[in-house]
Amino acid sequence: MYMIIYITMAVNHLIKNMRQMEIVVANLTDNVLFTMILGKMIMCKRSCKIMNKFLRSVENDFSTEMYNNVQEKTAYLYYNRIAIAFVKFSTFIAGLASVLYYLKKFFSNWSATVSGNISYELPYPVDPFFEIKDTSTYACICIYLAIAVVIIVCGYSGPDAFVLSMTLHVCGQFATLSCKVDTLLRDHENYRRHISNIVLRHHHLITLAEIIEDSFNMICLQQTLGTVILLCFTLYFTLTNSEVGEDANIIAFVLYICCVISTIFAYCYVGECLIIESTRLREAFYNSDWYNNSSSRTKLIGICMLRAEKPLMLTAGKFCMLSLNTFTSILKTSMAYLSVLRKFI
């Protein structure tokens, strides 16, 4: 309900200032992010049952009994540490950026008050449907808008942390499975049992990766499109404020940019990891001593290699896969739009 009220006030502000392009860009700079957050919250709400089912299916993966040796544990813990580091970093940078971004208007209002011009400019570009004429009303509105800081931290970084952590978990399990292939297939006495367990595990991991992709590809799409728009607008205001010399605004915008870039980089990096680990399993099968086995066992290995040849991936709405190449394309597109925007305004 809070987000709906906020976006309604933001749309009202946008409509009232439609003819002033500078204000329109400022409005979109803030409120594209809030629209993304609302979209993420709606998608996560719709995917609650799937998320619960997913977590139950990976519950056993956190048991030490799942890993036969130190190599397998190390392979999994590598991606587990990346997931933990991302959650900590994203929460910190989102919190710091949202707090400074919220406070930046107070700095400009304070400067105006010292100069003798009392300003009641709100922290975010919204219009509450009535005119603010006194300090008490202004304070009440600002306190109400302060709730948005918490929503930004939880609503923006929370869904991303879940999607990326679970994808990294799958990557870690693929890395572990590659280690299992390397060790278990050397045991020729229990070869069929081992190959059967490996195939079942591979099928399970493919299912998990497809659940993530099918359930959250729209979050990836809005993150990709939103990043292009946000980077363009935010960089524009960063350059504008640097020319004026407003240091407080520059710091807030730089942190905002870091938050947006780090998030899309994380999506693209994790997508790259999923592609690499899902296809690396094919190399593990190839490097096993299949040439010393019977023809029937060699055929089994060949079938496994064929399935592992097709990479698993995260996509942005099924339109394009997320990888490090996609990350560079997003940055290039944002810079191109920024160049057009600076010429247009």
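Computed quantities for the displayed model
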read-out: Which numbered condition H202 misses (of (1) part of a helix (DSSP H, G or I); (2) free of Cβ contacts under 8 Å to residues at least 12 places away in the same chain; (3) not hydroxyl-bearing (S, T, Y)); value: (2)
read-out: Test: E277 is surrounded by 21 or more Cβ atoms within 10 Å (Cβ to Cβ), modelled with pLDDT of 90 or more and in contact with a Ser or Thr (Cβ under 9 Å, 6 or more places away or on another chain); value: yes
read-out: All positions within the stretch 182-222 that are surrounded by fewer than 16 Cβ atoms within 10 Å (Cβ to Cβ) and in contact with a strand residue (DSSP E or B) (Cβ under 6 Å, 6 or more places away or on another chain); value: none
read-out: Some residue of the stretch 162-178 being modelled with pLDDT under 85 and either buried (at least 16 other Cβ atoms within 10 Å of the Cβ) or within 31 Å of the chain's Cα centre (by Cα) (or both); value: no
read-out: Any hit, the stretch 171-186, residues being more than 15 Å from V58 (Cβ to Cβ), in contact with a Cys (Cβ under 8 Å, 6 or more places away or on another chain) and part of a helix (DSSP H, G or I); value: no
read-out: Any chance K318 is modelled with pLDDT of 85 or more and at positive phi; value: yes
read-out: Enumeration of residues in the stretch 147-161 that are among the hydrophobic types (A, V, I, L, M, F, W, C) and either buried (at least 24 other Cβ atoms within 10 Å of the Cβ) or in contact (Cβ under 8 Å) with a residue 60 or more places away in the chain (or both); value: I147, A148, I151, I152, V153, A161
read-out: Test: residue in the stretch 22-31 that is exposed (fewer than 13 other Cβ atoms within 10 Å of the Cβ) and without any contact (Cβ under 8 Å) to a residue 12 or more places away in the chain; value: no
read-out: For C268: the one exception among (1) at pLDDT 85 or above; (2) touching a helix residue (DSSP H, G or I) at 6+ places or on another chain (Cβ under 8 Å); (3) more than 22 Å from A94 (Cα to Cα); value: (3)
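The values are calculated or read from the model by the stated rules, or taken from the named source; none is laboratory data. Everything numeric here is computed off the predicted structure, so don't read it as measured data. Neighbour counts run over all protein chains shown; Cβ positions are idealised from the backbone, glycine included.
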